[in-house]
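Before any comments, here is the structure.
The values are calculated or read from the model by the stated rules, or taken from the named source; none is laboratory data. Please read all numbers here as calculations on a predicted model, not as lab measurements. A quick note on method: Cβ atoms are made from the backbone with ideal geometry, for glycine too, and the neighbour counts reach across all protein chains shown. For accessibility, only protein heavy atoms count, side chains too; no ligands or nucleic acids. Shrake-Rupley method; radii C 1.70, N 1.55, O 1.52, S 1.80 Å.
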Amino acid sequence: MNISLNGETVQLSGSTVADLIEQVKPPKPFAVAVNTAFVSKTRYAETILDEGDKIDIVRPVVGG
């Protein structure tokens, strides 16, 4: 299935946010949003992704 990850099309071999995290292995810490809605870490395995979903994986910014 094709999804949009941080603005780029990605072929996802699974169907959940947990599958995506396993596939792309982003450096920690990070947060995930699906179609602009935050997904908590405890819900990664139960959050099903659909063709064309827009996922953002972001890292916190520190400094001032």
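Worth a mention:
- In the stretch 54-64, residue nearest to M1 (Cα to Cα) [restricted to those that are open to solvent by 100 Å² or more (accessible area, probe 1.4 Å) and part of a loop (DSSP other than H, G, I, E, B)]: R59
- Residue satisfying all of: in the stretch 34-53; farther than 12 Å from L20 by Cβ and in a strand (DSSP E or B); most open to solvent (accessible area, probe 1.4 Å) among these: F38
- Every residue from the stretch 1-14 that is under 15 Å from V32 (Cβ atoms) and surrounded by 11 or more Cβ atoms within 10 Å (Cβ to Cβ): I3, S4, L5, N6, V10, L12, G14
- Counting the residues of the stretch 15-33 that are under 11 Å from the mean Cα position of the chain (by Cα) and either on the phi > 0 side of the Ramachandran plot or surrounded by fewer than 13 Cβ atoms within 10 Å (Cβ to Cβ) (or both) gives 2.
- Selection within the stretch 17-33: residues that are charged (D, E, K, R) and part of a loop (DSSP other than H, G, I, E, B). The member of this set that is modelled with the lowest pLDDT is K28.
- Annotation note: Cβ proximity below 9 Å between a residue of the stretch 9-35 that is more than 11 Å from L49 (Cα to Cα) and a residue that is part of a loop (DSSP other than H, G, I, E, B) and charged (D, E, K, R) (sequence gap 6+ or interchain) occurs for P26/R59; P27/R59; K28/R59; P29/R59; F30/R59; A31/R59.
- For the stretch 1-16, a tally of residues being aliphatic (A, V, I, L, M) and part of a loop (DSSP other than H, G, I, E, B) returns 2.
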